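Asks: My structure is below; once you've seen it, I'll send some questions.
The values are calculated or read from the model by the stated rules, or taken from the named source; none is laboratory data. Given the structure is predicted, the values throughout are model-derived calculations rather than measurements. As a convention, Cβ positions derive from the backbone with ideal geometry for all residues, glycine included, and neighbour counts pool all protein chains shown. Calculation scope for accessible area: heavy atoms of the full protein, side chains included, ligands and nucleic acids excluded. Shrake-Rupley method; radii C 1.70, N 1.55, O 1.52, S 1.80 Å.
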Amino acid sequence: MSDDKNTDDSKTLRVAAAKPMSLSRTVESGQVRQKFSHGRTKSVVVEKKKRRMILPGEQAGAAPAPAAPPPAPTAKAPTPTAPVETVTEPDADAKGSGMVLRSLTNEEKDARVQALNLAKEREADDRRRAEEERARLNDDDLRRAEERREAEERQLAEENRLREEEEQRVVAEDEATRRAALAPEPDSAAPARGKEVKTAVPHKRPEQRPTPRREEDRKKGRLTLANALNQDEGRERSMAAMRRHRERIRKQTTTPQTAQSKRVREVVLPETITVKDLADRMAERVVDIIKYLMQQGEMIKANDVIDADMAELLVNEFGHTVKRVTDADVETGLFADADDPADTEARPPVVTIMGHVDHGKTSLLDALRKTNVVSGEAGGITQHIGAYQVVDPSGKKITFIDTPGHAAFSAMRARGAEVTDIVILVVAADDGVMPQTIEAINHARAANVPVIIAVNKMDKENADPTRVRTDLLQHEIVVESMSGEVLEVEISALKGTNLDKLLDIISLQSELLELKANPDRSAEGVVIEARLDKGRGAVSTVLVQRGTLNIGDIVVAGTEWGKVRAMIDDHDEQVTSAGPSVPVEVLGLSGAPLAGDPFAVAGNEARAREITEYRERSRRDMQAARAATVRGGLEDMMNQIQAVKRSEVPVIIKGDVQGSVEAISGALEKMNTDEVRVEVVHSGTGGITESDITLAIASEASILGFNVRANKQAREAAAQSGVELRYYSVIYNLIDDVKAMMSGLLSPEIREEFLGNAEILEVFGISKVGNIGGCKITEGKVQRGAHVRLIRDDVVIHEGTLSTLKRFKDEVREVVAGQECGMGFENYYDLRKGDVIECFNVEEVARTL
């Protein structure tokens, strides 16, 4: 593309000389013709604007001053430190229009000076970095040259050593050859077998002594044309030939006794290992192990995993020793051995209050603590396990553990009996021994702890302590008043009667047990309860059994670990340490552990993380093994088919504490039948969140909240998706509702109501209708549309519906006994004379669990 600019002087805009007062035009217009390929052109109008330059000090409206003449050129060059202002000669148009070129301001001069200085600094920095890079490269070249020189020296020394060894070997061979030549030859050779050999004197050649080899001859190497033409010198063997000869001699002279003995290694074997890792630990070749396995009939590759037993056989076969380890070794040393009796001190006893529901266990603890815990429990029954400390009149501390009495909380009572030293069995004087009382006795007997019988509610009119003592005899509990060894006391938690006596009996029993623990060691104990708190995170109620738990300790509890950030006692006060038999709430764990999990203080975070990861893997493996189904025989197959047909009620359980969730899950599991079962999709502690709603949508489950609520986002998501949220504070109501949901899935019970019998006297064939039986009602009545059975020779032939019932050619609704009628079956016509028709109604009755 090329441009042609119209430069006609007639179109130049200029002020006429006759009009000196007018201004010249500031815009010049012209045309430019653009040329394109293939002969195409285009005319474009362009404009040129002139800008008026205003010097500093001039007013915007003032007329421009006449342009100053340009300065005379000088021979002196400008200094390099400051920029020189250059003024160009104005063109003719500028002179004619009075335009003055503006000089640089001080700020522009400073900016240019600063830019020049920065450019010089950057240039200096680049020059300095180039010099440093050049120096570094020179150092690298010197270092590499030094390394090459040292390598050449080592190579030269090695060649000299090999040359000396070769010279010594050649001298020894020459000496051996000379001695063999000087040795006398045998007089006669052995005769050939089966043939006679004629004796003849052999012609002896003149003895030729081998000429000694010279050093320069040995270095000549292989035979060449020049060496062959040289008559004075013989051909020497090459260096490769001599090296092969020396290797053959070395192999012949080497014996198994002189070979280097094999090193026996101790190989550590985990539960599973790959063949390659096993070879690395034995320092053996992988191909040797695979070759041995192939000889044994095992086709195994290098990356295949083998078990510890096969690995042990391989290690023994290759002559090494075995050390078996398991993943459970990471827990070794977490729980220390028994303490030295000299280091132990007396500790407070741990007392668990057990008994039937509503027999006054929590009321007794309130009377001892002078609190009112019962009023805070929903429904007036304890649904959590709690731990508290009480000071007896003598000033000694006693740790009490309160357990629920409902049947669903059997696991809680079992945990309470395992961690306790003494069990107080509360029995209501007006109610006697009840099922949970018997269960508490069994738990205490299994834990092998002493029992103290507390006969409560003695303030009632119908109280009968003698009945309680007599009922306890049936369970091998003989109290002191009946010449037994079990301590008893009659109390009233409501009136506060004989509470001091109960505390004295507990102190006496603890002295007999001689309870001691070592406080000067890392803490160990058990988790009593755990929950998720919205503001504090995972909160675990723990009971320290030995040692002292301090703030900042790294604690491992089940599959959770964390650093103790705070500890709160039973009076809601923060403490810095907790000794043996002290219950505290611990904050700082990564999650809520399971109730009943033992806890211990780990050395560091890495060890705690390793232990929890191993426990988490073990838990997942156990769940996978439990869920895995193995194909069995026909009976197993039929059981699986029955299980598939079984209806399920999917639920998600969220509770305030882990113990309550565990109790609810156990109670729902006991309600399962062969036809319907409860499937607990997920259970956990804490409020109901959006993730629970998402899981409920995917599994079509209902969400059961026990003493928890859903947040705003979860409620909105549940309302949009139609997920059912149910809140409970008493476990009875939750179990009843789930039982009603399960009953709705039960197939109804089918009941038959007998109506009557009819005997077929004759069979009539009617076109377009089929066979109709002429019958006589022998018993009861027959109704149209009722269910019927066709009985022939006391065998049921057909079961269907009565479609036609006629009497004297009229359709009737019912025919009673003694009357005759015509009857026809729906889609069945094989009727015979003498058949009996049984008529009945079917009724469906809803079933309940």
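Asks: Can you give the accessible area of Ile273 in Å² (nearest 10), computed on protein heavy atoms with a 1.4 Å probe?
Replies: 10
Asks: Give the ranking of Leu269, Leu118 by solvent-accessible surface, highest area first, calculated with a 1.4 Å probe. The partial results should precede the final answer.
Replies: Working: Leu269 0, Leu118 75 Å².
Heavy-atom accessible area, descending, gives Leu118, Leu269.
Asks: With labels modelled as points extended 7 Å from the Cα through the Cβ direction, what inter-label distance (nm, one decimal) is found for Asp793 paired with Thr332?
Replies: Reported label-point gap for Asp793 and Thr332 is 8.1 nm.
Asks: Excluding Asn771 itself, calculate the net charge of residues whose Cβ lies under 10 Å from the Cβ of Asn771, where each Lys or Arg counts +1 and each Asp or Glu counts -1.
Replies: So the environment of Asn771 carries a net charge of 0.
Asks: For an R0 of 25 angstrom, estimate the FRET efficiency from the Cβ-Cβ distance between Leu118 and Asp140 and round to the nearest 0.05. Present the calculation step by step, with values, prior to reporting the outcome.
Replies: Working: r = 33 Å, r/R0 = 1.31.
Computed FRET efficiency for Leu118 and Asp140: 0.15.
Asks: Next question, about the same structure. Run the accessible area of the range 445-559 with a 1.4 Å probe and give the carbon-and-sulfur part as a rounded percent.
Replies: 46
Asks: While we're looking at this one, here's another question. Could you order Lys370, Lys501 by accessible surface area, starting with the largest, using a probe radius of 1.4 Å? Spell out each step's value before the answer.
Replies: Values: Lys370 175, Lys501 105 Å².
Per-residue accessible area, sorted high to low, gives Lys370, Lys501.
Asks: While we're here: Among the listed pairs Lys361/Lys534; Lys251/Lys291; Lys301/Lys323; Lys397/Lys516; Lys397/Lys501, which have their C-alpha atoms separated by more than 18 angstrom in this model?
Replies: Beyond 18 Å between Cα atoms: Lys361/Lys534; Lys251/Lys291; Lys301/Lys323.
Asks: So what is the relative contact order for the range 666-760, in percent, with contacts set as C-alpha pairs under 8 Å and at least six apart?
Replies: 27
Asks: Moving to a separate point now. In terms of solvent-accessible area of protein heavy atoms at a 1.4 angstrom probe, what is the ranking of Val451, Val769, highest value first?
Replies: Val769, Val451
Asks: Provide the net charge surrounding Ile554, with neighbours chosen by a C-beta distance below 13 Å and charges set as Lys +1, Arg +1, Asp -1, Glu -1.
Replies: The answer is 0.
Asks: Which residues' amide hydrogens lie under 5 Å from the amide hydrogen of Gln31, considering only partners 5 or more residues apart or on another chain, with H built in the peptide plane?
Replies: Placed amide hydrogens put Asn6, Val46 under 5 Å from Gln31.
Asks: Further question: With θ set to phi - 60°, apply the Karplus curve 6.51 cos²θ - 1.76 cosθ + 1.60 along the range 151-167 and write out the HN-Hα couplings as whole Hz, x wherever there is a Gly or Pro.
Replies: Calculated HN-Hα couplings, in order: 5, 5, 5, 5, 5, 5, 5, 5, 5, 4, 5, 4, 5, 4, 4, 5, 5 Hz.
Asks: Express in whole angstrom the spacing between the alpha-carbon centres of the range 767-802 and the range 657-736.
Replies: The range 767-802 and the range 657-736 have Cα centres spaced 53 Å from each other.
Asks: Moving on. With all protein chains present, calculate the accessible area of Leu745 using a 1.4 Å probe and round the result to the nearest 10 Å².
Replies: 80
Asks: What does the charge add up to near Ala714, with Lys and Arg as +1, Asp and Glu as -1, over the other residues with Cβ less than 12 Å from its Cβ?
Replies: +1
Asks: OK, next. Arrange the peptides 751-757, 598-604 so that the one whose residues have, on average, the most other Cβ atoms within 10 Å appears first.
Replies: 598-604, 751-757
Asks: I'd like the FRET efficiency for Asp343 and Leu494, computed as 1/(1 + (r/R0)^6) with the beta carbon distance as r and R0 of 35 Å, rounded to 0.05. Don't jump to the answer; show the numbers that get you there.
Replies: Values: r = 44 Å, r/R0 = 1.27.
That pair, Asp343 with Leu494, gives E of 0.20.
Asks: Starting from the Cα of Arg163, step 7 Å along the direction of its Cβ; do the same at Ser699; then give the gap between the two resulting points in nm.
Replies: 8.5
Asks: Sticking with this structure for a sec: To the nearest 10 Å², what's Asp337's accessible area with a 1.4 Å probe?
Replies: 130
Asks: What are the ³J(HN,Hα) couplings of the range 709-717, residue after residue, when phi is run through the Karplus curve with 6.51, -1.76, 1.60 and θ = phi - 60°? Round to Hz, x for glycine and proline.
Replies: Those phi angles translate into 9, 8, 6, 4, 5, 5, 5, 5, 5 Hz.
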